[in-house]
Amino acid sequence: MHGIVDLSGLTVRFSESITAVDSFSLQLFEREFVSIVGPSGCGKTTVLNVLAGLIETYDGDAFIDGQRPIAGDSRVAYMLARDSLLPWRSALENASYGLEIRGIDETVRKERAAKLLSKVGLAGFEDAWPKTLSQGMRQRVALARTFCLESQLLLMDEPFGALDAQTKIQLEDLLLELWTTEARTVLFVTHDLSEAVALSDRVIVMSPRPGKILADVRVDLTRPRSVRQLQSDPKFLNLYGTIWKIFEQGVNNTAGCKS
Ligand SMILES: Nc1ncnc2c1ncn2[C@@H]1O[C@H](COP(=O)(O)OP(=O)(O)OP(=O)(O)O)[C@@H](O)[C@H]1O
Ligand SMILES: [Mg+2]
């Protein structure tokens, strides 16, 4: 049985001396939420870039739903670390931008974008320019745009990295709600172990570069979850502690490695 994502022995070398990802194997099944954590430079973004079809030279195998990744694949939506809203487009026009690129009819895309903006708490802000929105509101628009696409697989690279702790928790809860109601499969990259545990079904811990998988930890916290309430849940804190230990051992064991 193949997964939505099938990576097998993925190895990405950028030069003789830089191996970014080493023998990385991962399967994701429909409607799973899986996070990858690991120290800076360990190859997290590289893995997402392979799946987005942006890196085509690698060893091993990469498949999305049984096919090789290609750039612009409508089954895949990619949400980046910083919001990448177009400053000359309103919130609604930004939210519907991906649909426009995919050639969807204007009435349909506006309707869908308005619905998603409302779901992320921005009803009434359809005509607002990005510069008039707070950072958290801008990321809400970016979330709306990502979910507007109706892609089965969402690749998310530290989408809440630039937000303050309170706003981050709000948007994490919002993401879980959208993920549940819109039925997507998510591969989520973050530095933040707490965020990874709170959101995910599984947390993949990577070693420092060259990034290998140190552990694939199942998060057996019940759903639906409230990220806010989890912060004081003993089971959550316990899992966080376990993953933190693996993460730290990985960093200590490979201290001094170059490639
Ligand atoms: N296009 C490229 N050319 C050369 N080296 C690259 C390229 N992209 C990434 N690298 C190198 O590959 C390694 C992994 O980079 P990557 O961006 O995947 O790390 P990361 O885990 O996402 O880090 P961060 O947490 O800081 O975002 C790094 O050492 C980086 O310098
Ligand atoms: Mg990165």
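The values are calculated or read from the model by the stated rules, or taken from the named source; none is laboratory data. All figures in this text were calculated on a predicted structure; none of them were measured in a lab. Every residue, glycine as well, gets a Cβ built from its backbone with ideal geometry; the counts of neighbours run over all protein chains shown.
Odds and ends about this structure:
- Residues of region 169-227 satisfying the condition of being among the polar types (S, T, N, Q) and more than 13 Å from ligand 1 (Cβ to nearest atom): Gln170, Thr180, Thr181, Thr185, Ser194, Ser200, Thr222, Ser226
- Among the numbered conditions (1) touching a Pro at 6+ places or on another chain (Cβ under 8 Å); (2) surrounded by 14 or more Cβ atoms within 10 Å (Cβ to Cβ), the only one that Pro87 does not meet is (2).
- Only one of the listed residues (Thr167, Thr180) is among the hydroxyl-bearing types (Ser, Thr, Tyr) and within 14 Å of Arg228 (Cβ to Cβ). That residue is Thr167.
- Considering only residues in region 38-61 that are farther than 20 Å from Trp244 by Cβ and in contact with a Ser or Thr (Cβ under 7 Å, 6 or more places away or on another chain), the one that is nearest to ligand 1 (Cβ to nearest atom) turns out to be Ile55.
- Residue selected from region 169-194 under the condition closer than 18 Å to Ile36 by Cα and among the charged types (D, E, K, R), by the criterion nearest to ligand 2 (Cβ to nearest atom): Asp192
- Of residues in region 43-60 being touching an Asp or Glu at 6+ places or on another chain (Cβ under 7 Å) and not in a loop (DSSP other than H, G, I, E, B), the one nearest to ligand 2 (Cβ to nearest atom): Thr45
- Residue pairs whose Cβ atoms lie under 9 Å apart, sitting 6 or more positions apart in sequence or on different chains, and linking a residue in region 82-110 that is without any contact (Cβ under 8 Å) to a residue 12 or more places away in the chain and more than 21 Å from Pro159 (Cα to Cα) to a partner that is in a loop (DSSP other than H, G, I, E, B) and among the charged types (D, E, K, R), do not occur here.
- Verdict on Val12 being more than 21 Å from Pro159 (Cβ to Cβ) and surrounded by 14 or more Cβ atoms within 10 Å (Cβ to Cβ): yes
- Sole residue being within 16 Å of ligand 1 (Cβ to nearest atom), within 17 Å of Thr185 (Cα to Cα), under 21 Å from the mean Cα position of the chain (by Cα) and of a type in the set (Ser, Thr, Tyr), chosen from Ser74, Ser35: Ser35
- Selection from region 185-218 of residues that are surrounded by 21 or more Cβ atoms within 10 Å (Cβ to Cβ), in a loop (DSSP other than H, G, I, E, B) and either hydroxyl-bearing (Ser, Thr, Tyr) or modelled with pLDDT of 95 or more (or both): Ser200, Ser207
- Residue check, Arg68 free of Cβ contacts under 8 Å to residues at least 40 places away in the same chain and more than 10 Å from ligand 1 (Cβ to nearest atom): yes
- Only a single criterion out of (1) assigned to a loop (DSSP other than H, G, I, E, B); (2) surrounded by 24 or more Cβ atoms within 10 Å (Cβ to Cβ) is not satisfied by Leu163, namely (2).
- The set of residues in region 93-129 that are farther than 25 Å from Arg75 by Cβ and either part of a loop (DSSP other than H, G, I, E, B) or more than 22 Å from the chain's Cα centre (by Cα) (or both) comprises Gly121, Leu122, Ala123, Gly124, Phe125, Glu126, Asp127, Ala128, Trp129.
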